[in-house]
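Below you'll find the structure, written out as structure tokens, and then a few comments.
The values are calculated or read from the model by the stated rules, or taken from the named source; none is laboratory data. Because the structure is a prediction, the values reported are computed rather than measured. So basically every Cβ, Gly included, is an ideal-geometry build from the backbone, and we count neighbours across all protein chains shown.
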Amino acid sequence: MTIESFNDILPILGIMSVVLGGIIWIIKAQISMSKEFKPNHGGSLRDSIDRLERDTRDIRSRVDQHIDTHNKGG
């Protein structure tokens, strides 16, 4: 296959630019998603999960203490 004119190059350049644009979009999306899983002291998804886990442990501890109190008294 030989390229005889500029018109033969245009479709190839178009396809290459679409593929390159798609790759860049995927990389940017991955970078922005990975930021959500790193703690940033407040607003990330990781921080929210950490707060939920801490609150769940606290509630579980309080419920256990409450149950122990009733078991000892009765």
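If you check residue 37 against the conditions, is it among the aromatic types (Phe, Trp, Tyr) and surrounded by 10 or more Cβ atoms within 10 Å (Cβ to Cβ)?
Considered against the rule, which asks whether it is among the aromatic types (Phe, Trp, Tyr) and surrounded by 10 or more Cβ atoms within 10 Å (Cβ to Cβ), residue 37 comes out as yes.
Okay, residues lined up against (1) outside any loop (DSSP other than H, G, I, E, B); (2) over 30 Å from residue 51 (Cα atoms); (3) not hydrophobic (A, V, I, L, M, F, W, C):
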| site | (1), (2), (3) |
| --- | --- |
| 17 | yes, yes, yes |
| 31 | yes, no, no |
| 34 | yes, no, yes |
| 39 | no, no, yes |
So for the stretch 45-53 (the condition being exposed (fewer than 10 other Cβ atoms within 10 Å of the Cβ) and either of a type outside the set (Asp, Glu) or part of a helix (DSSP H, G or I) (or both)), does at least one residue qualify? no
Of all residues in the stretch 43-61 being at pLDDT 95 or above and charged (D, E, K, R), the one that is nearest to residue 33 (Cα to Cα): 53
